[in-house]
1. Y246: among the hydroxyl-bearing types (S, T, Y) and open to solvent by less than 30 Å² (accessible area, probe 1.4 Å), yes or no?
2. Looking only at the stretch 164-200, which residues are part of a loop (DSSP other than H, G, I, E, B), in contact with a strand residue (DSSP E or B) (Cβ under 8 Å, 6 or more places away or on another chain) and open to solvent by 50 Å² or more (accessible area, probe 1.4 Å)?
3. Within the stretch 248-266, restricting attention to residues that are in a loop (DSSP other than H, G, I, E, B) and of a type in the set (A, V, I, L, M, F, W, C), which residue is farthest from F420 (Cα to Cα)?
4. Would you please list the contacts, defined by Cβ atoms under 7 Å and residues six or more apart or on different chains, that run from a residue in the stretch 122-137 that is over 14 Å from H162 (Cα atoms) and free of Cβ contacts under 8 Å to residues at least 60 places away in the same chain to a residue that is open to solvent by 20 Å² or more (accessible area, probe 1.4 Å) and assigned to a helix (DSSP H, G or I)?
5. Tell me, which residue of the stretch 296-328 that is crowded, with 22+ Cβ neighbours inside 10 Å and acidic (D, E) is modelled with the highest pLDDT?
6. Assuming I332 fulfils every condition listed in (1) more than 24 Å from the chain's Cα centre (by Cα); (2) of a type in the set (A, V, I, L, M, F, W, C); (3) open to solvent by 10 Å² or more (accessible area, probe 1.4 Å) apart from one, which condition is it?
7. Check L401 against each of (1) touching a helix residue (DSSP H, G or I) at 6+ places or on another chain (Cβ under 9 Å); (2) under 19 Å from G314 (Cβ atoms) and name the one condition it does not meet.
8. Restricting the stretch 335-358 to residues that are within 26 Å of the chain's Cα centre (by Cα) and either open to solvent by less than 60 Å² (accessible area, probe 1.4 Å) or among the hydrophobic types (A, V, I, L, M, F, W, C) (or both), which is modelled with the lowest pLDDT?
Amino acid sequence: MSHISKPLFFTITLFIFFLCNSVSLTWSSSLSLHFRLTSLRLTPTTTNSSSFKTSLLSRQNPSRSSSSPPYTFRSNVKYSMALVLSLPIGTPSQSQELVLDTGSQLSWIQCHPKKIKKPPTTSFDPSLSSSFSDLPCSHPLCKPRIPDFTLPTSCDSNRLCHYSYFYADGTFAEGNLVKEKFTFSNSQITPPLILGCAKESTDEKGILGMNLGRLSFISQAKISKFSYCIPIRSDRPGLGSTGSFYLGNNPNSRGFKYVSLLTFPQSQRMPNLDPLAYTVPLLGIRIGQKRLNIPASTFRPDAGGSGQTMVDSGSEFTHLVDVAYDKVKEEIVRLVGSRLKKGYVYGSTADMCFNGNIGRLIGDLAFEFGRGVEILVEKQRLLVNVGGGVHCVGIGRSSMLGAASNIIGNVHQQNLWVEFDVTNRRVGFSKAECSRLSP
């Protein structure tokens, strides 16, 4: 199985985050793009690039003056265990399926050679794009352990910059670093952005890296904010629902409640800290009407960086450090312990599982941020159908992944607007019926 079909937060690399330089936050007027999310299971048979349509809703002067209205686009996008967008890349554009990942920096596309037996169905063909170029070994990025670029690079036999990218669940992608444009329309084209062009990978989709790193998509394209509304995922294969994803201003933002991102200057970088993640000030967890006895310090980085809490679209399940996980499990056992599926662990991290959906017996779950801001997971959505009639609380133990962070996964972001306002260093939340949103 590919990494997007497991409840593992595949967005945290195995490399050292504290090598990263401070993030540049100099932003200009941004692109404003709108895509739709369609909920369906991710299998090889559901990958059909012809089903994606992108349309221009409004246009502005190509000079993009700050006073001009933004562009707005929409497109179908798939959501299952990950958010998958189809974006137009190259000149002329080729539709590429990319996993929207707020937890990683490098964006990469599938560039598998045609000579392999079964290349991905949306593999990018560089020879068809006039804006494609390879990064040579002489490029400043093509050096190992470059600050703010947490992946190893080397020169290949053709004197091109080769990269290898590994994720926490063991999946990987490797190929060459390249430059290519995102061509959304004749009047809306990004400058050449640095991407990975994967020749080998363990997944059929690429990655759209959206964290705070200087080489993420939002940093290179100077996107000031983006947001998404994830629809409720159906347990029935093939049954679709719709949600939305925006790059740029969101017309629904008036109702958003914001929390400020925690920031970490260079002098405070720690071994277990990811300074490029969207780190939020989680204060506590509530089940039903009971606030669990978990110290607020559990959700903030300690002296070594352990304990930070991040919002990650690339993780399916939420993961908690041991102190928090044990308290959640203790309350679950108190409520429905006799119904626990003994000895069952899903995805090596989640062991609060049952035969059937008994979420109504547990109650709602809330992640509390203070000042009335919270992520509320209603009881009917508390358990996740993992197959075979088994339903699990969508929370895993971080330490089982060798991680020291709390991660709020996309399964707990359903029916919720989540906006990443990069310019103002904040994240906004607002409850919504995502599947009922009009395009």
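1. Working: among the hydroxyl-bearing types (S, T, Y): yes; open to solvent by less than 30 Å² (accessible area, probe 1.4 Å): yes.
Considered against the rule, which asks whether it is among the hydroxyl-bearing types (S, T, Y) and open to solvent by less than 30 Å² (accessible area, probe 1.4 Å), Y246 comes out as yes.
2. K181, P192
3. Residues of the stretch 248-266 in a loop (DSSP other than H, G, I, E, B): 248-252, 256, 261-265.
So of that shortlist, the ones also of a type in the set (A, V, I, L, M, F, W, C) come out as 256, 261-262, 264.
Details: F256: 11, L261: 9, L262: 13, F264: 17 Å.
Taking the candidates together, the pick is F264.
4. Sorted first by the residue in the stretch 122-137, then by its partner, the pairs are F132/P126.
5. Filtering the stretch 296-328 for residues that are crowded, with 22+ Cβ neighbours inside 10 Å and acidic (D, E), the one modelled with the highest pLDDT comes out as D312.
6. It fails just one condition, (3).
7. Unmet condition: (1).
8. We begin by selecting, within the stretch 335-358, every residue within 26 Å of the chain's Cα centre (by Cα); these are 345-353.
Right, trim to either open to solvent by less than 60 Å² (accessible area, probe 1.4 Å) or among the hydrophobic types (A, V, I, L, M, F, W, C) (or both) and you get 345-347, 349-353.
Numbers: V345: 95, Y346: 94, G347: 91, T349: 94, A350: 95, D351: 95, M352: 97, C353: 96.
It comes out as G347.
The values are calculated or read from the model by the stated rules, or taken from the named source; none is laboratory data. Computed from a prediction, not measured in an experiment: that's the story for all the values here. No Cβ is skipped: glycine too gets one built from the backbone with ideal geometry, and neighbour counts run over all protein chains shown. We work out accessible area using only protein heavy atoms, side chains counted, and drop any ligands, DNA or RNA first. Shrake-Rupley method; radii C 1.70, N 1.55, O 1.52, S 1.80 Å.
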